[in-house]
1. What are the pairs with Cβ atoms under 6 angstrom where one residue, in the stretch 180-206, is in contact (Cβ under 8 Å) with a residue 24 or more places away in the chain and part of a loop (DSSP other than H, G, I, E, B) and the other, located anywhere, is aliphatic (A, V, I, L, M) and surrounded by 15 or more Cβ atoms within 10 Å (Cβ to Cβ)? Sequence gap at least six, or different chains.
2. Please return the ranges of strands (runs of 3 or more DSSP E) entirely within the stretch 18-103 where 2 or more residues are surrounded by fewer than 19 Cβ atoms within 10 Å (Cβ to Cβ).
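Readers should treat all values here as calculations from the given coordinates under stated rules, not as data from a laboratory. Keep in mind the model is a prediction, meaning the values are calculated, not measured. Backbone-built Cβ (ideal geometry, glycine too); neighbour counts: all protein chains shown.
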Amino acid sequence: MRLASAVYFTHYELFRFDPTNGQLSDQKILNGHLNAWGVQFSQNNDFLYATKWKNDEIIQFDLTSDDEDLINESMTIIGNATGPNSLYKAGYLQTGPDNRIYVAKYESQYIGAIEKPNSKGLKSHYIDSAVFLGGRTCQAGLANPVSANTFLQLPNYDSDINGKQPMIYPNPNNGNFSVKVFESNEVTLKLYSTDGKLVFQDKRLFNAFEETKYSMHLMSGNYTVRLIINGRLHEQKLIILND
């Protein structure tokens, strides 16, 4: 999992974050960005979007190289935020439920949006007046949703009364997979992308030893499946491969 932070006077920072132990590693510094302000990853985790306070630029960094120098060199201005304030323009960034990245515009009656954040450069398509606020005005930020990563405190579901663990198969798959448990119980399934975003959830009664099938359209990549069974957590990595 990646994390990003904006250090207001000077730069942005990138880290690798291990949610199992809370450790940060692999720090990368993106220098030369006075008044660094907002940061948001694309859904596919290939790009970082950023804004600077007292500035109108919407910035994209290409993270695919995983090299600090190349990431710095990849900086691209994909758009400019407008607004009535003579000094402050672009504010915080936030991914919406439609996977667009929304841009707060200070004192504006509109919110900007990055239409295709998984695309490189100008193909990401910034729309400056994407959402009209009906006469209300935006300030510097947007509402932060509660993190979907709320289950780390649950005890592990190591095995059921029969000594068996849940099965998720095949793995890898193309978005079609099955889940099997070995005791009848209500099961909550949650599927997360590599950046910790919840992309699918389901809750139903599972019958012991029966196969429950799931079919979904997902981008190729690594995901995490979390099964909540009787107050315990079973977690497994899932690889999606599409042609």
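1. What qualifies is 193/199; 196/1.
2. Fully inside the stretch 18-103 and qualifying: 23-30, 57-62, 76-80.
Rundown of residues vs (1) charged (D, E, K, R); (2) free of Cβ contacts under 8 Å to residues at least 12 places away in the same chain; (3) within 30 Å of residue 236 (Cα to Cα), yes/no style:
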position	(1), (2), (3)
25	no, yes, yes
28	yes, no, yes
34	no, no, no
40	no, no, yes
45	no, no, yes
54	yes, no, no
70	no, yes, no
82	no, no, no
